[in-house]
1. Give the separation of the Cα centroids, the stretch 531-572 to the stretch 97-174, in Å.
2. Can you find, among 806, 368, 387, the residue sitting farthest towards the positive end of the charge dipole of the chain, where Lys and Arg contribute +1 and Asp and Glu -1 at Cβ?
3. Would you tally the net charge around residue 171, using a Cβ to Cβ cut-off of less than 10 Å, leaving residue 171 out, and scoring K and R as +1, D and E as -1?
4. What order, most packed first, do the peptides 616-626, 473-483 have when packing is the mean number of other Cβ atoms within 10 Å of each residue?
5. For Cα pairs less than 8 Å apart in space and 6+ apart in sequence, what is the mean separation divided by the residue count of the stretch 216-432, i.e. the relative contact order in percent?
6. Considering the stretch 1-70, what Rg and Dmax in Å follow from its alpha-carbon atoms?
7. Using the alpha-carbon centroid of each, what span in Å lies between the stretch 305-378 and the stretch 853-877?
8. Relative contact order (percent) for the stretch 690-826, with alpha-carbon contacts under 8 angstrom and 6 or more residues of separation?
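The values are calculated or read from the model by the stated rules, or taken from the named source; none is laboratory data. Because the structure is predicted, anything quoted here is derived from the model rather than measured. Cβ atoms come from the backbone with ideal geometry, glycine included; neighbour counts cover every protein chain shown. Heads up: the accessible areas ignore ligands, DNA and RNA and are worked out on the full protein's heavy atoms, side chains in. Shrake-Rupley method; radii C 1.70, N 1.55, O 1.52, S 1.80 Å.
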Amino acid sequence: MSESKPQDLYRETVFLPTTSFPMRGNLPRREPEILAGWEGEKLDARLFEQAKGRDVFMLHDGPPYANGHLHIGHALNKILKDVINRAHRMAGYGIHYVPGWDCHGLPIEWKIEEEYRKRGQDKDSVPVLQFRAECRAYAQKWLDTQASEFRRLGVQAEWANRYATMDFSSEAAIAGEIGKFLLNGLLYRGLRPVMWSPVEKTALAEAEIEYRDHESTAIHVAFPFVTDPTPAKALEDVAAVIWTTTPWTIPANRAIAYGPDITYAVVRVDGVSENATLEPEAKVLVAEDLIAPFCEAAGVTAHHVLYTLPGSALEGAICAHPLRGQGYDFDVPLLPGEHVTTEAGTGLVHTAPAHGEDDFNLGRAYGLEITELVMDDGRYADYVPLFAGGHVFKAAEPVCQALLEAMQRAVSAGTAPSGLVARTTLVHSYPHSWRSRAPIIYRATPQWFIRMDGEGHLRDRALAALEKVTFVPAQARNRLTSMVAGRPDWCISRQRAWGVPIAVFVEKRTGEVLRDKDVMERIVTAFRAEGADAWYSSPASRFLGEGRNPDEYEQVFDIVDVWFESGSTHAFVLGHGDMPFPADLYLEGSDQHRGWFQSSLLESVGTRGVAPYKALVTNGFVLDEQGRKMSKSLGNVIAPQDVNDSLGADILRLWVMNSDTNEDLRIGKEILKQQGELYRRLRNTLRWLLGALDGFTEAERVPYGELPELERWVLHRMTELGGLVARAVETHEWVGVYPALHGFCAADLSAFYFDVRKDTIYCDGPHSLKRRAARTVLDHLHRNLCTWLAPVLVFTAEEAWLARPGNTESVHLQAFEELPIGWNDPELGERWAMLRAVRRVITTEIETARRDGLVKSSLQAALELPLSEAEAARFAGVDWAELSIVSQADVTVVAGSGSIYLGEDEAQEGTPHGIPTISVATGHKCARCWKVLEEVGQDATHPELCLRCVDVVQGKA
């Protein structure tokens with residue numbers, strides 16, 4: 001062999017990848033440039049035109065609140081929606097995604113009032129229309145800010161056609177929906193307990209409540225019997241003892257509830273501890289099962305059970321209020337209650353009908369007085385004996401003192417116990433306003449309600465409608481169904497100013513609400529032209545019309561609950577033009593089972609008889625890397641804006657789709673770093689594809705029937721991935737899809753197929769069937785990977801798509817390719833799963849040889865592969881040198897040996913053959929392809945090359 005020429009001589013003859021697609025994404029800089037390009041080419045308008053004539057997929061946007069910058073939960077939810085919409089568009093659907101905002105309500109009022117307080121300005125001195133205008137301007141500012149931030153995340157929507165609950169048309173539609181409930185009889189005004197915020201001075205919805213630990217004063221209180229219905233006079237000189245964690249409700253007590261099936265005991269006190277308020281010989285009534293915990297709490301050291309009696313024996317019994325003689329001279333009857341248990345307390349339940357749902361229902365059933373003792377700011381009214389003007393959250397001390405003094409008087413008089421029996425503190429989960437973070441109370445006030453039961457049967461109809469809805473995840477069905485089944489009538493009124501008024505009139509003479517279709521039409525027409533401000537700026541006569549005296553009607557100025565507003569959004573977004581009703585999908589966080597999902601359901605069923613959605617998808621909450629809630633105090637807040645600026649929106653989008661969004665998600669610097677690494681692998685896959693396809697033309701394309709087996713396997717795997725995407729489009733179940741796609745790129749392509757085919761692509765001649773076949777498959781891969789990734793990596797997929805010569809239109813205008821059914825070959829897939837398993841064994845041996853210094857690279861290796869006869873038959877036609885990326889391979893069929901690579905159904909019995917062995921390949925290294933072969937040097941013109949490379953260099957291949 002003649003002296004070798006420098007390897008550089010042949011560098012130009014190797015077909016190395018060439019592409020303009022850079023290795024580094026530089027996303028924070030590139031993404032805004034791509035956004036600007038889309039705006040310049042009017043991509044949104046083109047997508048809108050593309051949707052015409054297609055079957056429409058409608059995902060109705062739940063409105064975020066227009067107050068502050070977007071947080072990571074907003075980003076998660078909007079990215080999920082965007083992925084689903086984009087995937088449906090690429091699957092052939094028409095998409096009309098109308099983004100929306102919730103603009104009314106207390107948080108915005110608070111922000112404006114904060115500014116007033118800073119200026120020393122009295123909010124009550126500001127005209128209501130001026131206040132509403134300031135609220136509107138504040139909401140508009142944040143609406144615009146959030147819209148810009150959503151667009152930076154790559155979210156595609158009909159931004160110019162967005163909706164907001166404060167739009168005049170929206171306010172008119174909301175008023176019209178209220179009118180429908182008015183006219184169908186489901187809207188009524190009633191006095192009943194609602195969750196009330198004394199700080200915000202308004203009723204709150206369940207969705208506006210959060211539960212936090214709270215320290216409460218818990219008390220046992222004795223109510224002496226004044227009427228004993230038992231034949232044996234078992235209750236004579238006895239007191240019923242109740243337990244409560246709300247001492248402030250004692251003035252509102254009007255009854256004691258018992259369980260008819262509970263066994264009660266009359267207990268005589270025989271001994272007490274030093275600080276006990278009960279005296280020996282005192283007699284009390286408690287549930288038999290709760291005697292021990294009662295005695296411990298009351299300091300009773302010795303006792304005797306005088307009588308036991310069923311709860312039913314208490315029917316007709318009456319107690320005196322412990323503060324009788326001090327303005328509380330009414331009777332306190334004992335009443336049967338299904339809600340009474342022996343899980344805690346005494347088995348006798350203090351009942352204040354104005355301050356609890358069970359209490360109210362019991363009081364209504366037995367005609368008890370529904371008191372109004374607590375004002376809107378949480379203070380007792382001036383007419384409340386002993387406690388007038390005091391705040392309920394500071395009432396524990398004065399109430400306990402009054403009850404203690406009552407007990408002392410009873411002891412001195414030698415009468416039945418009456419007053420404070422025991423006092424302690426209890427830390428428990430208690431409802432708070434999520435806005436003010438202050439505890440709330442239950443308070444009976446005149447409010448507007450939508451009736452769940454009785455006329456209209458709203459609850460039953462809503463539950464029936466849910467049976468037709470698809471839930472993702474499936475277990476979410478139980479949560480929403482149970483909430484609807486157990487909820488009280490819907491309180492829709494709020495005592496605030498910034499919102500849509502409950503625009504109705506009440507006749508003063510009868511107290512009846514005016515149900516007049518013409519009046520409602522006049523109201524809706526006015527709101528459509530002037531907004532809801534018309535209710536405040538116009539005389540009542542404008543709406544009442546001729547023939548009615550405004551002086552005879554009360555004009556209601558309560559505003560409607562913002563959950564009713566957002567629950568009505570289907571009325572002004574869906575069912576118009578190309579917007580179908582009901583929506584195909586609502587997608588929000590899991591907290592919306594008690595919020596938007598539920599309010600939308602009740603509103604739609606109440607006015608249209610059907611659910612406004614065909615499917616509900618819920619996502620979890622976002623926690624930090626340690627599973628903690630995010631808070632500024634912990635310093636663990638991840639803002640989407642910061643991720644955009646440091647890593648890029650595509651990284652955030654990839655994090656969403658690589659997560660199990662059905663559960664709570666975690667995010668932090670390390671997790672985002674991991675996503676960056678996953679992104680790098682995907683980008684490298686796209687970059688290698690583009691480089692290897694340099695110069696590809698249709699003339700190179702090889703028909704499927706002529707493709708080598710390895711290429712057909714890749715196409716088979718593509719059909720599996722395409723099927724995964726298609727199923728996700730139809731079922732909305734996206735969890736696991738993009739991890740599978742990443743696995744395909746990293747394991748099947750980069751670590752296997754690309755590795756095996758690099759020699760063919762780089763070193764075979766341009767006319768080589770194998771090279772043309774490989775590039776044919778790479779062409780399919782590029783198109784499909786770009787489109788499959790486009791819903792998630794919206795910027796990167798665009799860049800990779802346009803980096804291919806000939807692609808001039810956005811990837812987001814493309815469709816998912818419908819892959820031929822014939823490409824799906826499960827048997828081929830099974831065969832290559834086995835071949836890859838054998839290859840992994842071989843690769844392990846090569847790595848061992850490399851570590852031992854036997855070879856420096858796999859191309860310096862020769863492979864000896866022993867197989868059984870069954871394995872040799874099963875793996876016939878395989879080029880093991882090519883598959884293992886070694887220079888030489890020799891297969892030895894070991895007669896009679898047992899199979900180690902086949903499944904039990906195919907395996908050949910016998911003594912297992914040995915494992916693959918690696919040796920140093922004999923021959924010389926080809927200067928062009930680096931394979932070590934005996935044939936190198938046989939061509940005198942190019943003695944440094946193998947014969948394959950000689951033919952390529954000479955233009956023969």
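1. Using only Cα atoms to place each centre, the spacing works out to 20 Å.
2. Positive-most Cα among the choices belongs to 806.
3. So the environment of residue 171 carries a net charge of -3.
4. Descending packing order for the listed peptides: 616-626, 473-483.
5. 30 percent
6. My reading of the Cα-based Rg and Dmax gives 25.3, 80 Å.
7. Between the Cα centre of the stretch 305-378 and that of the stretch 853-877, the gap is 86 Å.
8. After rounding, I find 36 percent.
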